[in-house]
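Before any comments, here is the structure.
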Amino acid sequence: MRGATHAKWAACAVTVALAATACGGGGSSSGGGGSNGVLSSSWGDPQNPLEPANTNEVQGGKVLDMVFRGLKRYNPKTGKAENMLASKIETTDSVNFKITIKSGWTFSNGEKITAKSFVDAWNYGADLKNNQKNAYFFGYIDGYDKVHPDTGSATATTLSGLKVVNDTTFTVKLNQKFSTFPDTLGYAAFAPLPSEFYTNHSAWLSKPIGNGPYTIKSYTKGSEMSLRTWDKYPGSDKAQNGGVDLKVYTDNNTAYTDLTAGNLDLVDDIPAAQLKNVKSDLSGRYINTPAGIIQTLAFPFYKPEWNTAGAKKVRIGLSMAINRPQITKTIFADTRTPATDWTSPVLGAAGGYKAGLCGSSCTYNPTEAKKMIKEGGGIPGGQLKITYNADTGSHKEWIDAICNNVNNALGNDKACVGNPVGTFADFRNQISAKKLSGPFRAGWQMDYPLIQNFLQPLYYTNASSNDGHWTNKTFDKLVNEANADTDTASAVQKFQQAEGVLRDDMGAIPLWYQNGSAGYSDRISNVALNPFSVPVYNEIKVH
Amino acid sequence: MGRYVIRRLLQMIPVFIGATLLIFLMVNVMGDPIAGLCGDRACDPATAAQLRSQFGLDKSVWQQYLTYMGNVFTGDFGTAFNGEKVTDLMGSAFPVTIRLTVVAIVFEIIIGITFGVITGLRRGRPIDSTVLLLTLVVISVPTFVTGLLAQLFLGVNWGIIEPAVSPSAPLNQLIVPGLVLASVSLAYVTRLTRTSIAENRRADYVRTAVAKGLPKRRIIVRHLLRNSLIPVVTFIGTDIGALMGGAIVTERIFNIHGVGYQLYQGILRQNSQTVVGFVTVLVIVFLVANLIVDLLYAVLDPRIRYA
């Protein structure tokens with residue numbers, strides 16, 4: 001009897017298995033073409049809740065860029081800040097700004113966007129109790145130290161520098177001169193928020209409501225987000241397609257496989273292992289364009305041995321020992337460009353990028369490198385240990401390559417070694433605890449396409465991301481002057497002078513600019529990456 | 001029997017507490033997770049301090065552990081860094097992984113035991129050698145190779161399956177990943193069953209059954225297989241836990257958002273709440289699976305009695 005039931009059960013299971021496999025096949029790309037066509041795109045699980053002032057990585061930023069529009073928007077091609085919701089931003093002293101917004105804009109739930117939508121959102125973002133990771137963006141606004149003190153509890157909940165004048169106007173008072181402040185307002189943290197954000201926060205988080213060209217149709221955390229074109233979107237940059245389905249991939253290799261199998265339309269992160277096949281696999285549907293990201297080697301200037309006149313020569317010598325073109329070609333398959341300054345090509349010449357500013361210090365020259373390092377008294381401590389986190393990216397490969405360069409230049413096998421740290425968090429821990437004794441990997445992804453953003457947060461004395469604690473009075477002075485300058489062209493020039501100071505002291509060794517790389521299916525066209533290496537979704541056409 | 005079960009359940013408590021404590025300490029050793037939350041820049045100190053106190057990271061490890069366990073017993077597994085409740089993450093991840101594991105186990109049972117019985121009864125024959133060779137190949141090829149090849153051929157080149165499983169992970173899309181996940185264990189089940197069957201074929205009770213003139217089918221299923229299944233059931237029982245926790249490679253290849261994915265994500269982001277929560281549940285799965293295996297012994301072999 002039992003034998004019979006066993007057999008029956010097994011037979012059923014086999015039948016189910018076979019039936020299931022039979023219907024498992026076939027592609028399922030859905031939706032029509034034209035302006036109603038929906039495309040699918042790879043996505044990563046956002047690290048933080050999707051709030052504008054709380055999102056500091058690309059995956060969350062991708063969604064914010066589709067769902068929100070702020071006062072300004074960075075031109076996806078040129079990176080220039082252009083008015084979006086702002087009709088004018090006026091100032092006479094680079095401290096007090098009067099911002100007028102266009103009328104007729106609403107959130108996708110119908111709520112009108114007024115000056116208050118901005119002021120409330122900025123106050124929320126700055127308020128310490130809300131734990132917003134981008135709170136420091138509001139640090140230039142007067143009263144920030146009351147709302148968000150470095151230690152202790154807040155003594156105010158609103159920024160004293162923000163005042164609503166009427167429905168379409170508000171004023172901003174800064175705590176220092178900052179002439180390019182209006183150009184920072186395209187950053188997602190400055191987006192307006194609807195009242196539902198405050199009154200029904202958890203509902204908003206599970207399905208964010210914004211004012212951009214797309215609305216969120218459904219959101220399954222960690223798996224998928226469906227965005228659809230918002231028909232009543234009042235902006236000029238309406239979506240050219242019907243919507244976008246963002247699918248979370250646990251591995252970018254799988255996303256790439258899905259693209260080649262025809263199940264996915266767009267992958268904005270080509271896995272390193274596929275870079276050599278990607279051109280033939282996708283026959284021209286591969287994009288590799290510069291993004292506002294630079295990689296550098298930073299030094300622990302809090303260690304006295306790195307802060308001497310001799311150590312300066314050593315730093316310049318080390319920079320000369322690195323064969324940038326060879327590493328970017330062989331290790332990165334040309335998805336990096338050798339750096340010749342401390343900014344990024346996406347700024348353009350008018351924005352402050354100056355090719356060759358680093359000069360001979362960034363040109364491969366092993367003999368001169370050896371001479372400089374010798375003159376400087378050799379590597380402090382006798383051995384160069386370059387610290388990096390081993391858990392993500394392929395940092396080991398290029399660090400080893402750099403060490404190889406240095407060892408060859410010095411004719412010493414043990415002159416330079418990599419010093420891996422297990423996790424990114426631990427790596428960050430050691431940096432902020434000032435535990436490192438040698439150079440370490442540093443990367444900077446711009447928040448907004450301004451030369452100021454590549455210099456001030458990284459090299460100004462005690463700035464938020466000055467991890468090496470490099471400090472130079474002349475540099476600080478020039479940055480202050482540049483910020484006070486109301487004329488953009490001469491401000492940029494002053495920033496470049498400051499960059500010259502950084503070069504002469506080799507405050508950090510520039511390595512390469514990172515490109516954004518993407519591949520797409522033949523179902524879609526007009527695909528481009530913006531300077532933040534995020535696809536310009538609203539311009540993609542579906543066939 | 002009842003007393004035995006109760007005793008075993010009581011024994012689980014210290015194992016459970018010890019295991020969670022170990023995991024908790026291990027995750028804690030990795031350092032301050034808040035430092036990695038702000039990307040390639042330092043979190044501003046005030047926000048970092050606030051986050052630390054919100055996640056209870058400013059307290060001593062013992063205090064953290066006690067609070068955590070206290071919460072666990074009320075069903076609160078804490079909050080992940082992305083603001084989601086760990087119980088919500090479990091709610092989405094475990095059903096998917098359980099489905100995947102069930103598919104894998106079903107394959108193990110059906111294919112593994114069938115092959116095991118066939119080869120065990122025909123020892124030394126060509127079919128036996130063929131299956132032995134095949135299982136050797138399957139055991140020696142790592143899962144990620146099998147997985148990637150299956151994905152490339154079945155998914156991309158021939159278009160029989162979807163290369164990536166959709167978020168809802170319906171059963172039909174899990175057939176191939178399940179088979180890949182099961183492959184190595186399947187080979188072991190085959191070999192275990194084969195040896196066991198071959199050994200018991202010469203046992204007295206089988207000879208008696210044959211002498212009684214029972215039909216061959218009945219001898220094999222009722223007498224031979226039932227007794228030979230004890231080591232196999234032990235293996236499959238412990239394999240349930242191993243498959244659920246170890247599915248990470250298969251889950252990554254086929255983009256399945258299950259337990260392995262959440263654990264990987266949790267470890268990468270040093271999210272102790274997620275890691276400890278998921279491992280805690282996995283520990284329970286292991287313990288319960290072991291208990292069930294032990295109870296099954298008595299069903300399979302009436303000579304085994306529990307007191």
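Results, tabulated for the structure shown:
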{"item": "Tally of residues being β-branched (Val, Ile, Thr) and either buried (at least 20 other Cβ atoms within 10 Å of the Cβ) or within 25 Å of the chain's Cα centre (by Cα) (or both) across the stretch A:472-502", "result": "3"}
{"item": "Of all residues in the stretch A:423-432 being hydrophobic (A, V, I, L, M, F, W, C) and at the interface with another protein chain (Cβ under 7 Å from one of its Cβ atoms), the one that is most open to solvent (accessible area, probe 1.4 Å)", "result": "A:424"}
{"item": "Count of the stretch A:129-147 residues which are within 23 Å of the chain's Cα centre (by Cα) and either closer than 22 Å to residue A:69 by Cα or assigned to a helix (DSSP H, G or I) (or both)", "result": "11"}
{"item": "Residues (of a type in the set (Asp, Glu), closer than 27 Å to residue A:348 by Cβ and over 27 Å from the mean Cα position of the chain (by Cα)) located in the stretch A:73-106", "result": "A:90"}
{"item": "Evaluation of residue A:485 against (1) under 26 Å from residue A:61 (Cα atoms); (2) touching a residue at least 60 places away in the same chain (Cβ under 8 Å) (one fails), failing number", "result": "(1)"}
{"item": "Single match in A:269, A:251, A:258 (criterion: closer than 29 Å to residue B:147 by Cβ, open to solvent by 50 Å² or more (accessible area, probe 1.4 Å) and not aliphatic (A, V, I, L, M))", "result": "A:269"}
{"item": "Single match in B:222, B:202, B:125 (criterion: more than 25 Å from residue B:243 (Cα to Cα), open to solvent by 80 Å² or more (accessible area, probe 1.4 Å) and within 9 Å of another protein chain (Cβ to nearest Cβ))", "result": "B:222"}
{"item": "Answer residue from the stretch B:17-46, given it is open to solvent by 20 Å² or more (accessible area, probe 1.4 Å) and away from chain A (no Cβ under 14 Å) and is farthest from the chain's Cα centre (by Cα) among those", "result": "B:25"}
{"item": "Selection count, the stretch B:161-194, where residues are open to solvent by 30 Å² or more (accessible area, probe 1.4 Å), at pLDDT 85 or above and either at the interface with chain A (Cβ under 8 Å from one of its Cβ atoms) or within 17 Å of the chain's Cα centre (by Cα) (or both)", "result": "6"}
{"item": "Which listed residue is outside any strand (DSSP E or B), within 24 Å of the chain's Cα centre (by Cα) and crowded, with 20+ Cβ neighbours inside 10 Å, from A:222, A:292", "result": "A:222"}
{"item": "Qualifying residue in the stretch A:526-534 (condition: free of Cβ contacts under 8 Å to residues at least 60 places away in the same chain and surrounded by fewer than 21 Cβ atoms within 10 Å (Cβ to Cβ))", "result": "no"}
{"item": "Conditions (1) within 14 Å of another protein chain (Cβ to nearest Cβ); (2) farther than 26 Å from residue A:47 by Cβ; number of the one not met by residue A:435", "result": "(2)"}
{"item": "Members of the stretch B:234-259 that are modelled with pLDDT of 85 or more and within 14 Å of chain A (Cβ to nearest Cβ)", "result": "B:249, B:250, B:251, B:252, B:253, B:254, B:255, B:256, B:257, B:258, B:259"}
{"item": "From the options B:119, B:101, residue that is in contact (Cβ under 8 Å) with a residue 60 or more places away in the chain, in a helix (DSSP H, G or I) and closer than 21 Å to residue B:265 by Cα", "result": "B:101"}
{"item": "Total residues in the stretch B:101-116, condition within 12 Å of chain A (Cβ to nearest Cβ) and open to solvent by 20 Å² or more (accessible area, probe 1.4 Å)", "result": "9"}
{"item": "Test for residue A:517: is it in a helix (DSSP H, G or I), open to solvent by 10 Å² or more (accessible area, probe 1.4 Å), at negative phi and of a type in the set (Ser, Thr, Tyr)", "result": "no"}
{"item": "Single unsatisfied condition, residue A:457 versus (1) part of a helix (DSSP H, G or I); (2) more than 14 Å from every other protein chain (Cβ to nearest Cβ); (3) surrounded by fewer than 23 Cβ atoms within 10 Å (Cβ to Cβ)", "result": "(2)"}
{"item": "Residue check for residue A:150: within 26 Å of residue A:455 (Cα to Cα) and assigned to a helix (DSSP H, G or I)", "result": "no"}
{"item": "Single match in B:49, B:93, B:80 (criterion: within 11 Å of chain A (Cβ to nearest Cβ), over 20 Å from residue B:282 (Cα atoms) and either surrounded by 16 or more Cβ atoms within 10 Å (Cβ to Cβ) or of a type outside the set (A, V, I, L, M, F, W, C) (or both))", "result": "B:49"}
{"item": "Failed item, numbered, when residue B:206 is tested on (1) out of contact with any His (no Cβ under 7 Å at 6 or more places or on another chain); (2) more than 22 Å from residue B:111 (Cβ to Cβ)", "result": "(1)"}
{"item": "The one condition in (1) without any contact (Cβ under 8 Å) to a residue 12 or more places away in the chain; (2) within 14 Å of another protein chain (Cβ to nearest Cβ); (3) open to solvent by less than 40 Å² (accessible area, probe 1.4 Å) that residue A:395 fails to fulfil", "result": "(1)"}
{"item": "Any helices (runs of 4 or more DSSP H) falling wholly within the stretch B:168-247 and containing at least 2 residues that are hydrophobic (A, V, I, L, M, F, W, C) and free of Cβ contacts under 8 Å to residues at least 40 places away in the same chain", "result": "B:204-211"}
{"item": "Only listed residue being of a type in the set (Gly, Ala, Ser) and more than 23 Å from residue A:56 (Cβ to Cβ), chosen from A:218, A:206", "result": "A:218"}
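The values are calculated or read from the model by the stated rules, or taken from the named source; none is laboratory data. Since the model is a prediction, treat every value here as computed from it, not as a measurement. All Cβ positions, glycine included, derive from the backbone under ideal geometry; neighbour counts span all protein chains shown. These area figures cover heavy atoms from the full protein model, side chains too; ligands, DNA and RNA do not enter into them. Shrake-Rupley method; radii C 1.70, N 1.55, O 1.52, S 1.80 Å.
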